[in-house]
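Quick note: the coordinates plus some simple rules give every number you see, no bench work behind them. Note that the structure is predicted; figures quoted are calculated from it, not measured. A quick note on method: Cβ atoms are made from the backbone with ideal geometry, for glycine too, and the neighbour counts reach across all protein chains shown.
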Amino acid sequence: MNTNETNSITTNLAIIKLVDGIIEFRFKHDEYEVGINDIKEFQNAITQLTQSITPVLVVTGRYGSVNKEARETEMFNINNHSAIAIIVHGLPQRIFAKFYFTFKNRYEKIPHKLFSNEKDALKWLNSFK
């Protein structure tokens, strides 16, 4: 991870940082369940870190889940992000993420892609800075 961090906010589930013009969103544990209050915390943290339109890197835990109420809301404000890269750890997460983006039609307006490693994800996101 780059050591050029300018800001960092820790929520109950994640550490959210602005690093070299990219929001890095890292879950603190491998097992978690995201609820509606967590999403509100995430959105508030990102707003506190930057008012600019930025790409976002999401590094998931291995066994994270999102409850029904949270799935029905928007996890990311598409007006604030130029692209979203999500690191997934295996086929079940990849299937869930594809399903989520497919049924959240608003995300068609923003480039988003799934990756198995951070190096490739950051390379892709750097083209959206």
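Some values worked out for this structure:
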{"quantity": "Cα centre as origin, Lys/Arg/Asp/Glu Cβ charges: segment 20-115 dipole, Debye", "calculated": "320"}
{"quantity": "Given K17/K119; K17/K98; K17/K109; K28/K109, the pairs whose alpha carbons are separated by over 19 Å", "calculated": "K17/K98; K17/K109; K28/K109"}
{"quantity": "Farthest toward positive dipole pole in the chain [+1 Lys/Arg, -1 Asp/Glu at C-beta], among Y63, S127, N77", "calculated": "S127"}
{"quantity": "Helix-only CD estimate at 222 nm, as mean residue ellipticity for the chain, using -39500 (n - 2.57) per DSSP H run (n ≥ 4)", "calculated": "-9000 deg cm²/dmol"}
{"quantity": "Difference of contour (0.36 nm per residue) and Cα-Cα distance, H89 to N44", "calculated": "13.6 nm"}
{"quantity": "Cα-based reach from K123 at 13 Å (exclusive), listing aspartates and glutamates while leaving out same-chain residues under 8 positions away", "calculated": "D20"}
{"quantity": "Cα→Cβ-extended label distance, 7 Å offset, between K98 and I15, nm", "calculated": "3.2"}
{"quantity": "nm² value of the averaged projected area, convex hull over the Cα atoms of segment 20-115", "calculated": "5.8"}
{"quantity": "Coil-residue trypsin sites (Lys or Arg not before Pro) of segment 10-81, DSSP, other Cβ within 10 Å capped at 14", "calculated": "K28, R62"}
{"quantity": "Positive minus negative residues near L114 (Lys, Arg vs Asp, Glu; Cβ under 9 Å)", "calculated": "+3"}
